[in-house]
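The values are calculated or read from the model by the stated rules, or taken from the named source; none is laboratory data. Computed from a prediction, not measured in an experiment: that's the story for all the values here. Positions of Cβ are backbone-derived with ideal geometry, glycine not excepted, and every protein chain shown enters the neighbour counts.
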Amino acid sequence: MTALTLGRARPRRHTVLPGFGLTMGFTLFYLSLVVLVPLIALIVRPWELGWDGFVKAISEPQVWASLKLSFATALIAAAINAVFGLLLAWVLVRYRFPGRRLLDAAVDLPFALPTAVAGIALATLYSPRLGWLGEPLREWFGVTIAFNPAGIVIALIFIGLPFVVRSVQPVLEDLERDQEEAAATLGAKSHQTFFRVIMPGLLPAWFTGFALAFARAVGEYGSVIFIAGNKPMVSEIAPLKIIQKLEAYDYAGASAIGVTMLGASFVILLTINLAQRWVARQ
Amino acid sequence: MSMAIRIAGALFRSSLVLTGVAFVTLIVLLPLATVFDEAFRKGTDYFLEAIAEPDAVASIRLTLIVAAIAVPLNVIFGVAAAWAIAKFEFRGKGLLIALIDLPFSVSPVVAGLIYVLLYGAHGWFGPELQEMGIKVIFTVTGIVLATIFVTFPFVARELIPLMQEQGTQEEEAAITLGASGWRTFFSVTLPNIKWGLLYGVLLCNARAMGEFGAVSVVSGHIRGLTNTMPLHVEILYNDYDIAGAFAVASLLAGLALVTLIAKFALEWRYGDELAAARRR
């Protein structure tokens, strides 16, 4: 339907430039072939089970536990990233210190490093035996991070970090220093300036960064799978359940999990978006 | 009094900086250091053996082949989409841009799953294709398709805002002076967007070579045949050949570092001509 309406689109403004038909035609053809048709196949597939079958596939205890785990760990990781991402953006924009550029570059690494590489590195680093961090954590504090839900959160913090920093950073750079200076001149204490002047300007970008980090974390597979331990009912993430269903040729069951993940992310992102608009209006 | 306040302020600032540095070290830098430390744990000879071993070489070759097919296709798409979206006005433009961004919000595993649903043994087109002797799932074709999906938006997303900012005046002038459409594109548009295009290609390529989840679903993990580098890393790791896994992983980490350095060099040198750098 979408493709149809777009297909009938004509340039509204008169222009001498050629190539609209060719480029638009190719864009719609390629988009349909690569993205739209496959996604329609996903959305249609689980309904061969009927509504009851769909609910049954999702409420299977191990599947339901994996969905809860994926969404809960993604929310925790995005919340931690929201705090530290804001702190990092602040430090990178407002302070000058040796190694600032290196710190700035390091924030981008999770975008560039393949997830499987990050996955085995984090699993090794936080492993309770031999890991640089895992061993001391176990010996001194009795904490085991790898092969537990805590390990999943660590991996999701890793892949989500750049989203918050890179969303907040440009806004913080553009934020009028005059406003802050005015507030300070008028006698506002620095924490008052921060919470009354800076934070309201940052909130929309901060929400966006949180939402992006969350959306990425819900579906993440490569960086999580090595550190998760994959114990049924404890540390199996939803994408892993999809793979297990596929290996058993249960296509409809796998699609049901996939559709639920997409639907739930969509609802959560929509809520965040509405909250963001509400905050912007305040 | 004011001295005390200044000292307190300096202490506050340094503690924020130290917290940030500690966080990035724990979450990002130590994992990176782990990759190279583990890769050379058994010495340089073992490292070289691990990356020269036939299955590893086959995985490197396959990764290069997949990127060599997926990246150019997405470049052609990205340029075409950016031309249609940035140079013309039409209804539904916002929707089209949102649809192009869609693959970014889909789980990599779901990205693999959708192609199994189409071309798998029990998929929509799978049985028909099988009768014709065409196999997609568990072959290189499936790996290429899944890679195209996950890297789909990169080039388009970089070029659309860039070309929107540049407007249409230069191209209109060239056409009015009698240049053909292709000529206009190659001698007016392309020089204007070349750094943005390169930037998009870099990011697209890094993701194409490093993709794991989507490729893992459609590959079938056949050693020497359908294992890309990330999949080979997984197999070695699960076989407890930790040093071997990290040796191949260190090549991918090297690629990531080169990509980052090139990205920062582009942003630093041609920041004005990049859309992404301005958005930052």
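Restricted to helices (runs of 4 or more DSSP H) entirely inside the stretch B:124-182, those with at least 1 residues that are touching a Lys or Arg at 6+ places or on another chain (Cβ under 7 Å), under 23 Å from A:I40 (Cβ atoms) and of a type in the set (S, T, Y) are B:140-151. Checking the stretch B:27-42 against the condition returns a match, with at least one residue being free of Cβ contacts under 8 Å to residues at least 12 places away in the same chain, more than 7 Å from chain A (Cβ to nearest Cβ) and among the aliphatic types (A, V, I, L, M).
Rundown of residues vs (1) in contact (Cβ under 8 Å) with a residue 24 or more places away in the chain; (2) out of contact with any helix residue (DSSP H, G or I) (no Cβ under 7 Å at 6 or more places or on another chain), yes/no style:
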| site | (1), (2) |
| --- | --- |
| A:F26 | no, no |
| A:F29 | no, yes |
| A:P38 | no, no |
| A:R45 | yes, no |
| A:K56 | no, yes |
| A:P61 | yes, yes |
| A:A65 | yes, yes |
| A:K68 | no, yes |
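Under the condition of being within 11 Å of chain A (Cβ to nearest Cβ) and among the aromatic types (F, W, Y), the residues counted in the stretch B:155-199 number 2. Looking across the stretch A:209-250, just one residue is out of contact with any helix residue (DSSP H, G or I) (no Cβ under 6 Å at 6 or more places or on another chain) and aromatic (F, W, Y), and that is A:Y249. Residues that are among the hydrophobic types (A, V, I, L, M, F, W, C), in contact with a Phe, Trp or Tyr (Cβ under 8 Å, 6 or more places away or on another chain) and at pLDDT below 90 are absent from the stretch B:190-209 altogether.
Considering A:A89, A:A123, which residue is part of a helix (DSSP H, G or I), crowded, with 19+ Cβ neighbours inside 10 Å, touching a residue at least 60 places away in the same chain (Cβ under 8 Å) and within 19 Å of the chain's Cα centre (by Cα)?
A:A89
Within the span defined as the stretch A:134-147, every residue fails to be within 10 Å of another protein chain (Cβ to nearest Cβ), not acidic (D, E) and not in a loop (DSSP other than H, G, I, E, B). Take the conditions (1) surrounded by fewer than 19 Cβ atoms within 10 Å (Cβ to Cβ); (2) without any contact (Cβ under 8 Å) to a residue 40 or more places away in the chain; (3) not small (G, A, S); A:I268 misses just one of them, which is (2). Checking each residue in the stretch B:252-265 for being surrounded by 20 or more Cβ atoms within 10 Å (Cβ to Cβ) and out of contact with any Asp or Glu (no Cβ under 8 Å at 6 or more places or on another chain) picks out B:L252, B:A253, B:L255, B:A256, B:T259.
Out of B:L225, B:L231, B:L236, B:L197, report the one residue that is under 30 Å from A:L17 (Cα atoms), touching a helix residue (DSSP H, G or I) at 6+ places or on another chain (Cβ under 8 Å) and either surrounded by fewer than 24 Cβ atoms within 10 Å (Cβ to Cβ) or of a type outside the set (G, A, S) (or both). Quick ask: steps written out before the conclusion?
Details: B:L225 fails: under 30 Å from A:L17 (Cα atoms); B:L231 fails: under 30 Å from A:L17 (Cα atoms); B:L236 fails: under 30 Å from A:L17 (Cα atoms).
Criteria check complete, one pass: B:L197.
Can you find even one residue in the stretch A:270-277 that is more than 11 Å from chain B (Cβ to nearest Cβ), farther than 24 Å from A:V117 by Cβ, charged (D, E, K, R) and in contact with a Phe, Trp or Tyr (Cβ under 9 Å, 6 or more places away or on another chain)? Scanning the stretch A:270-277, I find no residue that is more than 11 Å from chain B (Cβ to nearest Cβ), farther than 24 Å from A:V117 by Cβ, charged (D, E, K, R) and in contact with a Phe, Trp or Tyr (Cβ under 9 Å, 6 or more places away or on another chain), so the answer is no. Residues in the stretch B:103-117 that are within 13 Å of A:L42 (Cβ to Cβ), in a helix (DSSP H, G or I), facing chain A (nearest Cβ under 7 Å) and in contact (Cβ under 8 Å) with a residue 12 or more places away in the chain: B:P103, B:V109, B:L113, B:I114, B:Y115, B:V116. The residue of the stretch B:200-211 that is surrounded by the fewest Cβ atoms within 10 Å (Cβ to Cβ), among those that are within 9 Å of chain A (Cβ to nearest Cβ) and within 15 Å of B:L251 (Cα to Cα), is B:R207.
Screening A:A217 with (1) over 30 Å from A:R94 (Cα atoms); (2) among the aliphatic types (A, V, I, L, M); (3) buried (at least 18 other Cβ atoms within 10 Å of the Cβ) gives one miss only, at (1). For the stretch B:137-154, filtering for residues that are in contact (Cβ under 8 Å) with a residue 24 or more places away in the chain, hydroxyl-bearing (S, T, Y) and either at positive phi or surrounded by fewer than 24 Cβ atoms within 10 Å (Cβ to Cβ) (or both) leaves 1. One residue stands out in the stretch B:57-86 among those that are closer than 20 Å to B:L251 by Cβ and not β-branched (V, I, T): the one that is nearest to the other protein chains (Cβ to nearest Cβ), namely B:A70.
The numbered conditions (1) touching a Lys or Arg at 6+ places or on another chain (Cβ under 8 Å); (2) in a helix (DSSP H, G or I) are all true for B:R91 except (2).
State yes or no: is B:E131 exposed (fewer than 15 other Cβ atoms within 10 Å of the Cβ), modelled with pLDDT under 90, more than 20 Å from A:T115 (Cβ to Cβ) and not small (G, A, S)? Against the criterion (exposed (fewer than 15 other Cβ atoms within 10 Å of the Cβ), modelled with pLDDT under 90, more than 20 Å from A:T115 (Cβ to Cβ) and not small (G, A, S)), B:E131 qualifies.
Going by the structure shown, is A:F26 out of contact with any Cys (no Cβ under 8 Å at 6 or more places or on another chain) and under 22 Å from B:A70 (Cα atoms)? Criteria met by A:F26. Taking interchain pairs and intrachain pairs at least six residues apart, which have beta carbon atoms under 6 angstrom, with the first residue in the stretch B:162-181 and without any contact (Cβ under 8 Å) to a residue 24 or more places away in the chain and the second surrounded by 12 or more Cβ atoms within 10 Å (Cβ to Cβ) and part of a helix (DSSP H, G or I)? Listed by first residue and then by second, the contacts come to B:E170/B:V188; B:A174/B:T184; B:A174/B:V188; B:I175/B:T184.
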